[in-house]
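Below you'll find the structure, written out as structure tokens, and then a few comments.
Throughout, read-outs are computed from the coordinates displayed, never taken from laboratory work. Keep in mind it's a predicted model, so treat the numbers as computed, not measured. All Cβ positions, even for glycine, are placed from backbone atoms using ideal geometry, and neighbour counts span all protein chains on display.
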Amino acid sequence: MEELAGRKLAVILHADIVGSTNLVQQNETLAHTRIQGVFKNFSATISRYGGITRELRGDALVAEFDRASDAVCASLDYQAGSAPDSSQPEENSPDIRPQLRIGIALGEVVIADNTITGAGVVLAQRLEQLAQPGGVCIQAAASETIPRRMPFHFENLGERQVKGFDEPVRVFSISLDSGEAVPPPENRVKSITDSSRYSRSVRTAIGLTLLMIVCLSGYAGFRYWALQGNDAADVIEAIETGLPSIAVLPFDNLSQDPEQNYFADGLADDLITDLSKISGLIVTARNSSFSYRDQELDIAKIAVELGVRYLLNGSVRRSDLKIRINARLVDTVTGNHIWSERYDQDLVNVFDIQDQVTRKIVAALKVNLKPGDEKKNNPKSFDAYDMLLRALEVQARFTPQDNAEGRELFKNAALLDPEYARAHAGVALTHAIDINMNWTSDRARSIELGLLAVNKALELNDDAPRAYFAKGAILLAQRKYDESLAAMRHVVELVPNYADGYAQFAFVLVNSGQHEEGLQAIQRARRLNPHFSQLYLYVESMALFHLERYEEAAALLIAAVERNPAFDRAQLLLASAYGHMGKLEEAEWILQEAALLSANLSLDDEESDSILSRERDRERYIEGLRLAGLGSQGI
């Protein structure tokens, strides 16, 4: 992270040496040497996890992170045993073993001349004082930003009244799950001050339809949580009537060629899609169930985290013109395999295998099918299907080049099978992404080509969810709100378990001025998809903001920015919310952070670029930014 002068929101780690005074009294020279060794090694660990050691204050250390998960990983990694060997007592020397306790908090800080002060630092210090020797305590607000897949155990210490803060703070003690290891450092995402500054056009495009990114995640599922609102009555009824719930885990690629991963993933994804259309099942999202890739299979843990009873997993081996698929359906309550089967067939029969697996699941779980539940449009050409799976893998990388390459692969699939509706829908989706991400040099032409592909897909299959998804996105970019809403309503009617469909539906609803219904839709999407992205948080915060529930919106936006510090749309909405809340210092600071990412940021451009349909909604957003300090020509 690059040095900044001024206020910012950050994850702060505060650590101190337990009983340092007593250690110094035993042997001052040796104690100081060993304390310095502890901090030197801990600082190295902090750096490996993307943090910056800001200060060493005698027997205390203060560090800054972009993400709470990294602060926790660094803490647990060090506490688990990376302390230097010099901490062991030497022969005939006092038993001086410096031991850390650590506090982690999310809060506002001021950084100047490499010193760090502010409420976030004070809170982290207060939490550290609540930790046991060798332990780590974390603020609840910071813990909520940590992905559920992380192998951490949270012990609720309740609400604590801490010195210097009027309101009590909810605190957790955090440790590793039994038998788990600390996740290794990932490739670091550059902080917002280190990022390339976005061009005005790209920033505007992100503001138009952020949820287009979400469409790449696939079909979704459901968790056992109650929903509010009349539109969720069918789901509540599903809970009460005990509909079976299932997650499809990624299939292992047992082929000798690792390049065949796309094929294994595609088969599992298609099973999720097929099962999601069955009204008598509750199916977990692809991006939630696929988050367990390459992890040791702990069915009890996965079932709890995803809120399902049944898990389907398996493997794929593809060789020449043959395919072997192993599939197993497990009841996570009993741990028993309900059924397992191996399919050895010609490659061209893969669609029959998928249908057989689906029917086996339906029969095993005693699901009552309704008309249309098994409706499926398989391609006539296996080569077209294989080409489409390659296209999906390439497109999912989500860059202008990969989107264009994916479009060509979708076109090739359509050439191999001109009646393959899904291939035409894929072409349409790439145009929709180009339009909304401003990756096209001819917007009008891209809209024309996108709608041509949409219409072709729907002509071949009037129940193609992805075609309606692309259509809804293109129509929203054209500010055709009613038509966009109609398309997105049809998406969620076709696939009742489509979480990303509900997320995009919510985005269109909010921009159309239907905030209460938009809030219900995004809350449903979050429950359908346990591992939702920061975009879900952003859409929910939009609905709350326009319902004038500014504090709730701000809390979600803080979490969204913490997950992605380069998320300028979330920062601007947060600045506007702070403006309405009267938190003008915070508003000014977050606005400056957004300006680092957004070239030529101004009130006039924000107003003209807005796709909010209602004038009073645009005025609400603009007024908040004006209060935050944004002027007609900039800050």
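Odds and ends about this structure:
- The string of couplings for the stretch 18-35 from the Karplus curve (6.51, -1.76, 1.60, θ = phi - 60°) is 5, x, 4, 4, 5, 5, 5, 5, 6, 6, 4, 5, 5, 4, 4, 4, 6, 5 Hz, one whole number per residue in order, with x for Gly and Pro.
- Candidates per trypsin sites (Lys or Arg not before Pro) in the stretch 377-476, loop by DSSP, up to 16 other Cβ within 10 Å: LYS380, ARG397
- When each of LYS480, LYS277, LYS366 is scored by the number of other beta-carbon atoms lying within 10 Å, the sequence from fewest to most is LYS366, LYS480, LYS277.
- Neighbourhood net charge (15 Å Cβ-Cβ; Lys/Arg +1, Asp/Glu -1) for VAL348: -4
- Computed from phi, the 3J(HN,Hα) profile of the stretch 562-572 under the Karplus parametrisation 6.51, -1.76, 1.60 (θ = phi - 60°) reads 5, 6, 9, x, 8, 8, 5, 4, 5, 5, 5 Hz, with x in place of Gly and Pro.
- Residue-wise HN-Hα couplings along the stretch 302-311, as the Karplus relation 6.51 cos²θ - 1.76 cosθ + 1.60 with θ = phi - 60° gives them from phi, are 4, 4, 5, 5, 9, x, 10, 9, 10, 10 Hz; Gly and Pro carry x.
- Amide hydrogen neighbours beyond the local backbone of GLU55, cut-off 5 Å, H modeled: VAL62
- Taking amide H positions as modeled 1.01 Å from N, with prolines and chain starts lacking one, the residues under 5 Å from TRP339 and 5 or more places away or on another chain are LEU329.
- Potential lengthening between LEU584 and TRP339 on full extension [0.36 nm per residue; Cα-Cα distance subtracted]: 82.1 nm
- The residues neighbouring GLN125, those whose beta-carbon lies less than 15 Å from its own, together hold a net charge of 0 under the Lys/Arg +1, Asp/Glu -1 convention.
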